[in-house]
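See below for the structure under consideration.
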Amino acid sequence: MIKSAFFRKTVSEAAAYAKSPERLKRLFKEASRKAREVPKGAFYERWAYLMAMIRLIRAYYQGEYRDISWQHFVIIVAAVIYFLTPADVISDWIPAKGFVDDALVVSVALGAVRDDLDAFMGWETLQS
């Protein structure tokens, strides 16, 4: 994973979030709101996976979907927390560059959990 002390702290925080349905619910709501507001350009094709991460958090706290390892779920929660944090390695307020680090974190997380997200998106398709 990413070696920054900031991201290691985020992973530790994610484990605490993952144990609390109420915190996961707040995380989902905040991430959904921010996703409507941020420029998607830095994320490229990873945008769809970031949205799947956010939806998976909702399905998890609602008890609808649990077919994912604890470790991989914590990675997803950490990536979403990082996405929400405006003052991370590269501040989100910096025009045209502020979300580059967020996209990098999503990309690294995706490298670890892509199969889980693909399975989740397949599950979603069967639910509709």
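Quick notes on this one:
- Residues (in a helix (DSSP H, G or I), surrounded by fewer than 18 Cβ atoms within 10 Å (Cβ to Cβ) and touching a residue at least 24 places away in the same chain (Cβ under 8 Å)) located in segment 58-83: Arg58, Trp70, His72
- Within segment 32-70, the set of residues being of a type in the set (A, V, I, L, M, F, W, C), more than 13 Å from the chain's Cα centre (by Cα) and modelled with pLDDT under 90 comprises Val38, Ala42.
- Top-ranked residue of segment 71-92 - restricted to ones that are more than 15 Å from the chain's Cα centre (by Cα) and among the small types (Gly, Ala, Ser), ranked as modelled with the lowest pLDDT: Ser91
- Residue pairs meeting the criteria (Cβ under 9 Å; at least 6 apart or on separate chains; first under 13 Å from Ala59 (Cβ atoms) and modelled with pLDDT of 95 or more, in segment 113-125; second basic (Lys, Arg) and surrounded by 14 or more Cβ atoms within 10 Å (Cβ to Cβ)): Phe120/Arg55; Met121/Arg55; Glu124/Arg55
The values are calculated or read from the model by the stated rules, or taken from the named source; none is laboratory data. Quick caveat, the model's predicted, so the values are computed rather than measured. Quick reminder, even Gly has a Cβ in these numbers, built from the backbone with ideal geometry, and neighbours come from all protein chains shown.
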